[in-house]
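To start, the structure itself, in structure tokens.
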Amino acid sequence: MNPLQTNCFILIADSKGIIFDPSADNGNNVDRILKKCEGIDIEAIVLTHGHIDHISGVEPLLEHFEVPVYIHQTDQEYLLNNNLNLASQVQPDFTWNTKTEPLDEGQVKIGSFEFNVVLTPGHTPGSVSLFYQDAVFSGDVLFKMSMGRTDLPGGSNQQMRQTLDYFLNLEEDYTVYCGHGEITQLSFEQKYNPYLRGIY
């Protein structure tokens, strides 16, 4: 959705939908997202973390959908601080005016969908991964053959190592919908991702 190639996903089942990490940076608008949502009853917007390239499409979308917006409470401060959310580097006039709902850990029902929400810090303190059936929306912690940056405000190498160990030790295979780059399989990453295996 922007020069950083942020992935915005829409989870749809039985004509109900949830939008993950909508972006509208650097001249892009949300028309592509709206087109994908035609005929779908959008029930919520979910943010995996608080960086500008994952949140900047929220308020334009709320002009079309009256829905709650969820983010982990640890990352709520990112929405209001342009140094933390990195808008100061790419979109200095960005402002946030939307009330959010806390995205708690554990089994969480959002609209018609039920997720297992896991706090997976390292990229930001409040980064979460949302498991739904055989899928996981991992935000910017796990990528195909890579991992999220830890050198940005709030990043932590130690927390990222713990997060990667969590994914490495999961026994069930999941399709991983990453915040950037290609969709991948957890089993592939467990076998080949050098960051997940700690051999980088």
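The values are calculated or read from the model by the stated rules, or taken from the named source; none is laboratory data. Note that the structure is predicted; figures quoted are calculated from it, not measured. Here the Cβ is made from the backbone with ideal geometry for all residues, glycine too, and neighbour counts use every protein chain on show.
Screening the candidates 48, 6, 74 for the property of being within 17 Å of residue 113 (Cβ to Cβ) and in contact (Cβ under 8 Å) with a residue 40 or more places away in the chain yields one hit, 48. For the condition crowded, with 19+ Cβ neighbours inside 10 Å and more than 14 Å from residue 6 (Cα to Cα), residue 72 qualifies. Being surrounded by fewer than 19 Cβ atoms within 10 Å (Cβ to Cβ) and modelled with pLDDT under 95: is that true of residue 30 here? No.
Looking at 146, 112, just one residue is among the hydroxyl-bearing types (Ser, Thr, Tyr), under 23 Å from residue 67 (Cα atoms) and more than 12 Å from the chain's Cα centre (by Cα), and that residue is 112. Residues of segment 90-104 being surrounded by 19 or more Cβ atoms within 10 Å (Cβ to Cβ) and either of a type in the set (Val, Ile, Thr) or modelled with pLDDT under 95 (or both), which ones? Answer for segment 90-104, where residues must be surrounded by 19 or more Cβ atoms within 10 Å (Cβ to Cβ) and either of a type in the set (Val, Ile, Thr) or modelled with pLDDT under 95 (or both): just 100. Looking at 175, 163, just one residue is crowded, with 20+ Cβ neighbours inside 10 Å and among the β-branched types (Val, Ile, Thr), and that residue is 163.
Out of all the residues in segment 133-160, which are under 11 Å from residue 195 (Cα atoms) and surrounded by fewer than 16 Cβ atoms within 10 Å (Cβ to Cβ)? Passing the criteria: only 145. Just one of the numbered conditions (1) over 24 Å from residue 121 (Cα atoms); (2) of a type in the set (Asp, Glu); (3) not in a loop (DSSP other than H, G, I, E, B) is not true of residue 38: (3).
The set of residues in segment 1-24 being modelled with pLDDT under 95, in contact with a Gly (Cβ under 9 Å, 6 or more places away or on another chain) and either hydroxyl-bearing (Ser, Thr, Tyr) or exposed (fewer than 15 other Cβ atoms within 10 Å of the Cβ) (or both) consists of 5, 6, 23.
Would you say residue 57 is surrounded by 23 or more Cβ atoms within 10 Å (Cβ to Cβ) and farther than 15 Å from residue 152 by Cβ? Criteria met by residue 57.
Can you pull out every residue in segment 37-54 that is touching a strand residue (DSSP E or B) at 6+ places or on another chain (Cβ under 8 Å) and surrounded by 24 or more Cβ atoms within 10 Å (Cβ to Cβ)? Of everything in segment 37-54, those that are touching a strand residue (DSSP E or B) at 6+ places or on another chain (Cβ under 8 Å) and surrounded by 24 or more Cβ atoms within 10 Å (Cβ to Cβ) turn out to be 45, 46, 47, 48, 49, 50, 53, 54.
If I ask for residues that are surrounded by 18 or more Cβ atoms within 10 Å (Cβ to Cβ), in a helix (DSSP H, G or I) and without any contact (Cβ under 8 Å) to a residue 60 or more places away in the chain, which ones from segment 77-89 would you list? Selection gives 79, 87. Only one entry in 22, 60, 92 is over 18 Å from residue 137 (Cβ atoms) and part of a loop (DSSP other than H, G, I, E, B), namely 92. Of all residues in segment 129-144, which are among the acidic types (Asp, Glu) and either touching a helix residue (DSSP H, G or I) at 6+ places or on another chain (Cβ under 7 Å) or under 15 Å from residue 51 (Cβ atoms) (or both)? Hit for segment 129-144 is 140, nothing else.
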